[in-house]
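Engineer: One structure follows; several queries about it will come next.
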Amino acid sequence: MTTSHASAVQPQVDHVERLNSGAGPKPRITARIAGVLILMTIVGGIFAQGFVSNRLISFSDAGVTANNILANRSLFQMSFTVFLIEMACQIATIALLYILLSPVRRNVALVAAFIELTGAIIKTLSRLFYITPLFLLSDTHVLNAFNADQLRALALVLLKINDRGAALSLAFFGVSGVLNAYLIFRSTFLPRTLGVLAMISSAGWLRFFYPPLRFPPFMFIAVFAIFVAAVEIFWLIVFGVDEERWKERYRLSTQVL
């Protein structure tokens with residue numbers, strides 16, 4: 001064996017030795033943390049979107065929307081904070097899922113992680129358009145060139161951009177979800193049924209690549225996705241992954257051919 005070949009092999013041998021000694025990755029703990037973060041992401045999204053945004057914003061009436069936001073300023077600001085926490089949890093989940101699923105097929109896991117991260121960035125940037133209307137409606141003296149009706153209309157336009165941006169991110173989440181579901185199906189350390197359910201659920205979000213498409217209906221996709229996510233969260237938190245099978249896949253993924 002040449003010196004260069006030996007130096008290339010040594011890091012991978014060290015990985016296996018660390019895994020065998022118990023000092024390597026902790027897949028079950030990683031899975032449980034991922035489950036908690038997914039739960040926080042979903043709960044945060046439901047609260048901020050379903051219980052605040054949807055109740056305060058009327059896309060057909062700029063005046064009503066402006067009055068609702070100003071009358072519930074603290075609640076609106078809180079929903080923005082929750083949106084940011086939601087995205088922080090999702091980005092952390094992306095990293096943890098990559099750690100869990102990369103032993104199955106590293107290239108696919110990496111592509112899935114980057115695609116989902118792209119969606120997360122789009123959604124996070126969209127939230128700037130969510131909070132900006134509050135500044136427009138509050139500091140009217142700074143925008144003397146606009147009258148009250150124009151400011152309300154502009155605020156509603158910004159909220160619509162936020163809504164479209166969030167919808168666009170779902171298309172990217174659909175692609176990454178299908179790829180991750182494929183990895184779960186092939187993993188052997190997670191139930192194949194979970195992979196099938198996740199693949200069907202994620203495929204529904206792909207319709208947002210063409211927003212005018214109205215089938216399947218959003219509520220159907222959302223309800224089914226929440227059901228599948230609940231099953232996934234339960235499994236990850238309660239059972240985690242089969243550590244022995246995960247470690248075997250990890251050894252194979254670091255094996256030098």
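Engineer: Those residues that are aliphatic (A, V, I, L, M) and under 11 Å from Ile131 (Cβ atoms), I need them from the range 68-77; list them, please.
Structural biologist: Within the range 68-77, Ile69 is the sole residue that qualifies.
For every residue, the table says whether it meets (1) open to solvent by 30 Å² or more (accessible area, probe 1.4 Å); (2) in contact with a strand residue (DSSP E or B) (Cβ under 8 Å, 6 or more places away or on another chain); (3) of a type in the set (D, E, K, R); (4) under 30 Å from Pro27 (Cα atoms).
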| residue | (1), (2), (3), (4) |
| --- | --- |
| Arg152 | yes, no, yes, no |
| Leu159 | no, no, no, no |
| Asp163 | yes, no, yes, no |
| Ser187 | no, no, no, yes |
| Ser202 | no, no, no, yes |
| Trp205 | yes, no, no, yes |
| Phe224 | yes, no, no, yes |
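Engineer: Oh, and also: State whether the residues of the range 159-182 include one that is in contact (Cβ under 8 Å) with a residue 40 or more places away in the chain and among the basic types (Lys, Arg).
Structural biologist: Yes: one or more hits.
Engineer: Can you list the helices (runs of 4 or more DSSP H) lying wholly within the range 139-257 that have 2 or more residues being of a type in the set (D, E, K, R)?
Structural biologist: Answer list for the range 139-257: 148-187, 243-254.
Engineer: Taking the conditions exactly as written (surrounded by fewer than 21 Cβ atoms within 10 Å (Cβ to Cβ), closer than 21 Å to Gly44 by Cβ and among the aromatic types (Phe, Trp, Tyr)), does Phe80 satisfy them or not?
Structural biologist: yes
Engineer: When the range 53-91 is examined, which residues are found to be of a type in the set (Val, Ile, Thr), in a helix (DSSP H, G or I) and touching a residue at least 60 places away in the same chain (Cβ under 8 Å)?
Structural biologist: Within the range 53-91, Thr65, Ile69 meet the criteria.
The values are calculated or read from the model by the stated rules, or taken from the named source; none is laboratory data. Computed from a prediction, not measured in an experiment: that's the story for all the values here. Reconstructed Cβ throughout: ideal geometry from the backbone, glycine too, with neighbour counts over all protein chains shown. For accessibility, only protein heavy atoms count, side chains too; no ligands or nucleic acids. Shrake-Rupley method; radii C 1.70, N 1.55, O 1.52, S 1.80 Å.
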